[in-house]
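Inspection log for the structure reproduced underneath, given as structure tokens.
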Amino acid sequence: VSAVRLSEHVHLIPGGVNSLLVVDGDRALVIDSGQGREGGKRVKRALEALGATPVALLTSHAHADHYGGHATLLRSARVPVFAPPIEAQIMAAPLLEPIYLANGTRPGAELRSPWLLAEAVAVDDLLREGSFHFEGFDLQVLAVDGHAHHQVAFVVDDVLIAADAVFGGAVLDKYPIPFAVDAALQSAAARRVAAVDARLAVPGHGDPAPPALLAAATLQALERVEATVLSAADGADLDTVMERVTVALSIGDLDLARHHLQRTAVAAHLQAHVEGGRLTRSITRGRLRYHAA
Ligand SMILES: [Zn+2]
């Protein structure tokens, strides 16, 4: 796989997870390194093909499929690693991602594949909203939390590197419930993407497209999930909501890992409805149920 040049400095390494290089002469910033050793090797090959050496690894958010290649890259070039707060802690202790997906319990083998569990990486400095200057590189960093606790997007040239703030249409068709830890912030992040003045946006998964187009498809999917969860929730507990939403959205039976991901996303939507005053909660005989407000 060779990199595709999107603008003066931005090169896309397309794949199941998109990795990006910001190249200036013979030096490059790596943004997201993909999944596992393979992800790292893919980035390494793309750097070699461009004759560029990495000067830093940037991380949009601490999902293993986005930073899993970092450790491999760092073994051949010890460069600084940047990531948003909280995500930096997860990267230092990668089992935290499977742990939160397992509701805090020791995660089973199904949550410990390279998709959800990466090699640990020490983060040297934090990425926050604002300008990012490093070794002559100049990027704009946008906070787009919601899909992850802290997630950032980057603007370079006229390209928005949006990570998982938005998804391509094909990805949304395949997975109708985008992963979320905060559903309200996730919608706000997609709306933020829509307002970015850039020619192209690159989602974490899927093909580049104008920001407004990707944001519209993502918002449409999120609104559908939001409405489906709300209408499924009255009198139901989380597992009943899961069952009703799965049927309503014609989602087939999932494997254990995807079940945990979907459960987290549905719980995030329920929480947003509670905080928005649309649902209340009761606990009887050990069962937490939601009620239309
Ligand atoms: Zn993600």
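The values are calculated or read from the model by the stated rules, or taken from the named source; none is laboratory data. Here the structure is a predicted model, which is why all the values come from computation and not from measurement. Note that each Cβ is placed from the backbone with ideal geometry, even for glycine, and that neighbours are counted across all protein chains shown.
Within the range 178-207, track down each residue that is closer than 18 Å to GLN140 by Cβ, among the charged types (D, E, K, R) and out of contact with any strand residue (DSSP E or B) (no Cβ under 8 Å at 6 or more places or on another chain). Across the range 178-207, the qualifying residues are ARG191, ASP197. Check the range 195-208 and report whether any residue there is more than 18 Å from LEU160 (Cβ to Cβ), more than 21 Å from the chain's Cα centre (by Cα) and modelled with pLDDT of 95 or more. No, that holds for no residue.
For ALA118, are the conditions met, namely being assigned to a strand (DSSP E or B) and either within 16 Å of the ligand (Cβ to nearest atom) or surrounded by 22 or more Cβ atoms within 10 Å (Cβ to Cβ) (or both)? When the stated conditions are applied, ALA118 does not pass them.
For the range 106-115, which positions are free of Cβ contacts under 8 Å to residues at least 24 places away in the same chain and either under 19 Å from HIS150 (Cα atoms) or surrounded by 13 or more Cβ atoms within 10 Å (Cβ to Cβ) (or both)? Before the answer, list the steps.
Taking the range 106-115 as the starting set, the residues that turn out to be free of Cβ contacts under 8 Å to residues at least 24 places away in the same chain are 106-107, 109, 112.
If the condition is that a residue be free of Cβ contacts under 8 Å to residues at least 24 places away in the same chain and either under 19 Å from HIS150 (Cα atoms) or surrounded by 13 or more Cβ atoms within 10 Å (Cβ to Cβ) (or both), then PRO107, ARG112 are the ones that fit.
Being out of contact with any strand residue (DSSP E or B) (no Cβ under 6 Å at 6 or more places or on another chain), of a type in the set (S, T, N, Q) and over 29 Å from LEU261 (Cα atoms) holds for only one residue in SER113, SER76, and it is SER76. Taking the criterion of being in contact with a strand residue (DSSP E or B) (Cβ under 8 Å, 6 or more places away or on another chain) and free of Cβ contacts under 8 Å to residues at least 24 places away in the same chain, the residues of the range 251-282 that qualify are VAL274, THR280, ARG281, SER282.
Being farther than 25 Å from ASP24 by Cα and exposed (fewer than 15 other Cβ atoms within 10 Å of the Cβ) narrows it down to one of ALA170, ALA194, ALA184, so name that one.
ALA170
As a summary of the residue check, LEU185 satisfies the conditions (1) closer than 18 Å to GLU87 by Cβ; (2) of a type outside the set (Lys, Arg); (3) part of a strand (DSSP E or B) except for the one numbered (3). Tell me yes or no: at least one residue of the range 19-28 is under 28 Å from LYS174 (Cα atoms), at pLDDT 95 or above, within 16 Å of the ligand (Cβ to nearest atom) and in contact with a Leu (Cβ under 9 Å, 6 or more places away or on another chain). For the range 19-28, residues under 28 Å from LYS174 (Cα atoms), at pLDDT 95 or above, within 16 Å of the ligand (Cβ to nearest atom) and in contact with a Leu (Cβ under 9 Å, 6 or more places away or on another chain): present.
Scanning the range 208-218 for residues that are farther than 19 Å from ILE251 by Cα, away from the ligand (no atom under 16 Å from the Cβ) and without any contact (Cβ under 8 Å) to a residue 60 or more places away in the chain returns ALA209, PRO210, PRO211, ALA212, LEU213, ALA215, ALA216.
The single condition among (1) farther than 18 Å from GLN186 by Cα; (2) more than 16 Å from the ligand (Cβ to nearest atom); (3) in a loop (DSSP other than H, G, I, E, B) that ARG128 does not meet is (1).
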